[in-house]
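J.: Mind having a look at this structure? Questions to follow.
The values are calculated or read from the model by the stated rules, or taken from the named source; none is laboratory data. This structure is a prediction, so every number in the text was calculated from the model and none was measured. In this analysis, Cβ positions are derived from the backbone assuming ideal geometry, glycine residues included, and neighbour counts consider all displayed protein chains.
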Amino acid sequence: MPVLAVGATAAALAIAGTFLIGNEKIVEGACDRLEPYLRLQMKPLVVSAHGSPGVGKSFMHKLAARALYNRHPHLDLDCPGMDCSSLKVFSGLDYVSADRNLQHAALKAALVEHLNKSPQALIVIDEYDKMDCETQFMFRQLIQGSHNAKLSMNRAIVVLESNAGFHELHQLLVKTKDRLKLNPEKVQRMLKEIVSQKWDATGCHDHASLWKMVSMVDFFLPFLPLEQSDLRRLFDIRLNAIAADLLQAQQAELTWAPDVIAFLCDKVDYDGRYSIEGAKEASVLLTRYVSRALRQWQQQQPPKHQSPISYAVSQTGYNLPEVKLPQFVTGTPKAMFFLHLVVKPQGHGLGLLERRRSA
């Protein structure tokens with residue numbers, strides 16, 4: 001049976017500082033709440049995470065699972081999956097259908113089975129604000145009435161995820177101009193009011209029922225939009241990860257100039273200072289301009305060929321409709337190869353050009 005790892009909160013902070021860009025303080029606040037829960041475990045801990053797509057909500061629960069259940073949370077393990085089987089992810093839209101009775105029965109059966117296997121479960125409900133009335137009532141009974149139920153959730157952690165409130169968070173950040181100056185209590189009250197209004201609008205609750213529904217949430221986590229400085233860090237981390245993979249595979253030594261990261265940041269869509277889709281768009285851009293070209297380069301390399309690679313942006317640019325690489329010259333194992341990312345004359349993309357020079 002999976003158990004919570006010793007030093008889980010410290011591990012969560014460590015891996016969040018490495019991977020969760022722009023919202024490190026959010027995770028620090030969550031760990032402050034997590035510590036007493038891990039000691040007492042008298043009720044399920046319910047966390048409501050809010051923010052726009054691509055700011056780290058889903059990534060947070062994966063990091064949390066790795067920190068909570070894995071002895072080596074820094075490793076790239078199968079999570080969710082066999083390496084952290086205590087994590088279970090549901091979607092609020094999965095159980096809204098014409099045949100609701102069957103869907104609710106399936107949901108309850110899945111929850112009961114998971115909690116029987118993993119009492120110290122981490123249960124994630126994505127888009128929870130879109131659950132229908134009956135599903136909301138069922139979750140409230142499980143969470144708030146677990147001490148009377150045959151199946152206890154007292155040792156579980158429930159993470160509710162929603163995009164609700166992202167516009168208000170953006171406006172609040174624009175007003176303060178510094179995420180470190182945001183008042184945590186004010187943000188908590190704002191998100192609580194937003195959730196209360198959304199649940200009230202469903203018509204599922206009277207005043208007493210609505211209060212019980214909202215009060216089951218122990219605290220609200222605001223995930224703030226990413227700035228260009230956050231994206232620069234993110235691109236640098238991702239490029240370093242690519243470089244580490246190439247080096248471990250003994251294929252190449254990868255370097256890049258600062259203007260490559262600037263080029264990628266310029267391709268991001270912004271609303272004022274803040275990225276619209278955050279890390280989600282960053283992943284798409286890395287695939288489009290870096291990973292795809294690297295795969296083409298790798299396909300043309302002989303087995304076990306190791307060569308230094310450099311990324312740079314040329315102001316003059318090259319007309320490269322496709323990646324064209326010279327043939328590898330056999331018998332020159334010490335030859336150095338430099339792979340350059342260059343801007344095309346029309347300014348629409350990066351191309352790969354391999355240049356060889358003597359070692």
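J.: Can you tell me which residues in segment 243-272 are part of a helix (DSSP H, G or I), closer than 13 Å to residue 294 by Cβ and either modelled with pLDDT of 85 or more or small (Gly, Ala, Ser) (or both)?
T.: Residue satisfying the conditions is 243 alone.
J.: In addition: If residue 164 meets every condition in (1) modelled with pLDDT of 85 or more; (2) in a helix (DSSP H, G or I); (3) under 18 Å from residue 48 (Cβ atoms) apart from one, which number is that one?
T.: Every listed condition holds for residue 164 apart from (2).
J.: Now, a different point. Could you tell me how many of the residues in segment 206-224 are in contact with a Cys (Cβ under 9 Å, 6 or more places away or on another chain) and in contact (Cβ under 8 Å) with a residue 60 or more places away in the chain?
T.: Of the residues in segment 206-224, 1 are in contact with a Cys (Cβ under 9 Å, 6 or more places away or on another chain) and in contact (Cβ under 8 Å) with a residue 60 or more places away in the chain.
J.: Oh, and also: With respect to the numbered conditions (1) on the phi > 0 side of the Ramachandran plot; (2) surrounded by fewer than 18 Cβ atoms within 10 Å (Cβ to Cβ), which one is the sole condition not fulfilled by residue 233?
T.: Checking residue 233 against (1) on the phi > 0 side of the Ramachandran plot; (2) surrounded by fewer than 18 Cβ atoms within 10 Å (Cβ to Cβ), the one that fails is (1).
J.: While we're looking at this one, here's another question. Please go through segment 213-234 and pick out each residue that is in a strand (DSSP E or B) and under 30 Å from residue 261 (Cβ atoms). Spell out how you get there, then give the answer.
T.: Going through segment 213-234, the residues in a strand (DSSP E or B) turn out to be 219-222, 227.
221, 222, 227, listed by residue number.
J.: Something else: So in segment 26-48, with the set limited to residues that are small (Gly, Ala, Ser) and surrounded by 18 or more Cβ atoms within 10 Å (Cβ to Cβ), which one is modelled with the highest pLDDT?
T.: Across segment 26-48, the extreme among qualifying residues is 48.
Condition check ((1) part of a loop (DSSP other than H, G, I, E, B); (2) not assigned by TED's automatic domain parsing to the domain that holds residue 135) across all residues:
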position: 204; (1), (2): yes, no
position: 208; (1), (2): no, no
position: 211; (1), (2): no, no
position: 236; (1), (2): no, yes
position: 240; (1), (2): no, yes
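J.: Which residues, counting only those in segment 156-212, are within 23 Å of the chain's Cα centre (by Cα), of a type in the set (Asp, Glu) and surrounded by fewer than 12 Cβ atoms within 10 Å (Cβ to Cβ)?
T.: Once the filter is applied, which keeps residues that are within 23 Å of the chain's Cα centre (by Cα), of a type in the set (Asp, Glu) and surrounded by fewer than 12 Cβ atoms within 10 Å (Cβ to Cβ), segment 156-212 yields only 178.
J.: Can you tell me which condition residue 239 does not meet? The list is (1) without any contact (Cβ under 8 Å) to a residue 40 or more places away in the chain; (2) closer than 30 Å to residue 294 by Cβ; (3) not aromatic (Phe, Trp, Tyr), and all the others hold.
T.: (1)
J.: Same structure, new question: Filter segment 253-288 for residues that are among the hydroxyl-bearing types (Ser, Thr, Tyr) and surrounded by 19 or more Cβ atoms within 10 Å (Cβ to Cβ) and give the result.
T.: Selection gives 274, 275.
J.: Do any helices (runs of 4 or more DSSP H) entirely within segment 49-151 hold 3 or more residues that are among the small types (Gly, Ala, Ser) and at pLDDT 70 or above, and if so, which?
T.: On the way: elements: 57-69, 100-117, 133-144.
Output list reads 57-69, 100-117.
J.: Still on this structure: Could you give every pair whose Cβ atoms fall below 7 Å, whose first residue belongs to segment 181-197 and is at pLDDT 90 or above, and whose second residue is aromatic (Phe, Trp, Tyr), counting only separations of at least 6 or pairs across chains?
T.: Hits for this filter: 191/220; 192/220.
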